[in-house]
Amino acid sequence: MKINSIIINLVIILAAASWSVLATSSPQTFGSGANTDNVSKISTILASPDDYLDKDVTIKGTIVKVCKKRGCWMELTSDKKFQTFRVKVRDGDMVFPMTAMGKTAFATGKIQGFPMTLERTKQYLAYQAEEMQESFDPDSVTEAITVYQLAPHGVTIVD
């Protein structure tokens, strides 16, 4: 009986210690950290991205994807359903951990646009469909697109 109560007390102590570590986890900062004072909605930026090109902005979203090879990019959810936005750094400048998926990130940097040819657009959209395990008909694409992303100088991951 005494051993059982010791084991129960030990389990309670370990659970409390684990909870306090989780409850006090501090934000992860990359680069200069994000400026969280003025956050722009991702949906607003994507509605007229050319208005934001090469301007410093801060975005916020839940991390839904992280580069598995080098941690050089992550995708954040938008405030608009089914919309995401990519945050991309040069390989090695910042390394976003896979464990950050599901956490909230703030990223501050410049919006970049990458115009694509029609052929490159088809390749890009085919790759995206393959990643999502969806079917794709390249002949359905008739116009080239521009891909936008944030090149951050500071990122803060919380939660």
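The values are calculated or read from the model by the stated rules, or taken from the named source; none is laboratory data. If you're wondering where the values come from, they're calculated on a predicted model, not measured in any experiment. Cβ: placed from backbone, ideal geometry, glycine included. Neighbour counts: every protein chain shown. With ligands, DNA and RNA removed, areas are computed over all heavy atoms of the protein, side chains included. Shrake-Rupley method; radii C 1.70, N 1.55, O 1.52, S 1.80 Å.
Please give every one of the lysines within straight-line cross-link reach of Lys60, meaning a C-alpha to C-alpha distance under 25 Å, and leave out same-chain neighbours fewer than 8 residues apart.
Lys41, Lys68, Lys69, Lys80, Lys81, Lys88, Lys103, Lys110
Phe136 to Asn38: extension gain in nm, 0.36 nm per residue of separation minus the Cα-Cα distance? Mind dumping the intermediate values first?
Details: separation 98, 0.36 × 98 = 35.28 nm, distance 3.83 nm.
Result for the pair: 31.4 nm of gain on full extension.
Tell me the per residue accessible area of the stretch 30-131 using a 1.4 Å probe; a whole number in Å² is fine.
Accessible area per residue: 59 Å².
What does the highest-first list of 110-122, 63-75 look like by mean Cβ count within 10 Å?
On the way: 110-122: 14.6, 63-75: 16.7.
Ranked by mean Cβ neighbours within 10 Å, highest first: 63-75, 110-122.
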